Amino acid sequence: MRVSYSSLFFFTLVIIPSEVNMAPCAIGDDCGCIKRGSFDSAHLETAFPQTYAQFNSTYTFTHPVITYPDCEAIISNCTAPAVITVLYENGTLIVSPKGMKTPNVLSGIYCGDAEWRMQGVGGSVDFNIRSVNVSCALKR
């Protein structure tokens, strides 16, 4: 079997680098931007004991699976029947009776210059991402 040098050259310079360059965005840690914060019952009890006491008899909280596809979205996913729940940095916890959609998709963003940015809007949205953590709330 003969392999032409032009085929080998094309494979080495075009195919391999494109595969290598796509890999960093496959995992959230590799985007270079902050990760979406999440929490579970233990964290809620430690960080916000009053909020924990208010919801502990009704819900248990677990970390959702969070992915960062192509560094152009943040997807938080809970296993049914758990629903997405949000916790603001001031300790306000929102558990909707109908629940937020799961997966919860934050789209229209991209990771650029180590900051999450909104497409079509100047500036970073890192502050918004930092100030809201997500969890999976399962009714007891």
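Structure values in brief
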quantity: Some residue of segment 37-55 being under 12 Å from the mean Cα position of the chain (by Cα) and either in a strand (DSSP E or B) or within 30 Å of Gln119 (Cβ to Cβ) (or both); calculated: yes
quantity: Test for Ala53: is it more than 18 Å from Asp30 (Cα to Cα), buried (at least 19 other Cβ atoms within 10 Å of the Cβ) and out of contact with any helix residue (DSSP H, G or I) (no Cβ under 8 Å at 6 or more places or on another chain); calculated: no
quantity: Qualifying residue in segment 95-109 (condition: over 18 Å from Thr46 (Cα atoms), surrounded by 15 or more Cβ atoms within 10 Å (Cβ to Cβ) and small (Gly, Ala, Ser)); calculated: yes
quantity: Residue within segment 72-84 that is surrounded by 14 or more Cβ atoms within 10 Å (Cβ to Cβ), part of a loop (DSSP other than H, G, I, E, B) and aliphatic (A, V, I, L, M) present; calculated: yes
quantity: Tabulated pairs, segment 46-67, first at negative phi, second among the acidic types (Asp, Glu) and surrounded by fewer than 17 Cβ atoms within 10 Å (Cβ to Cβ), C-beta under 8 angstrom, 6+ apart or interchain; calculated: Tyr52/Glu45; Asn56/Glu45; Phe61/Asp40; Thr62/Asp40; His63/Asp40
quantity: Segment 115-129: number of residues that are surrounded by fewer than 14 Cβ atoms within 10 Å (Cβ to Cβ) and under 15 Å from the mean Cα position of the chain (by Cα); calculated: 2
quantity: Lone qualifier among Glu72, Glu45 - being modelled with pLDDT of 95 or more and more than 12 Å from Val134 (Cα to Cα); calculated: Glu45
quantity: Test: residue in segment 94-110 that is of a type outside the set (A, V, I, L, M), more than 17 Å from Cys31 (Cα to Cα) and assigned to a strand (DSSP E or B); calculated: yes
quantity: Count of segment 113-138 residues which are more than 25 Å from His63 (Cβ to Cβ) and at pLDDT 90 or above; calculated: 2
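The values are calculated or read from the model by the stated rules, or taken from the named source; none is laboratory data. Quick caveat: nothing in here was measured; it's all calculated off a predicted structure. When we count neighbours, we look across all protein chains shown, and the Cβ atoms used for this are built from the backbone with ideal geometry, even at glycine.
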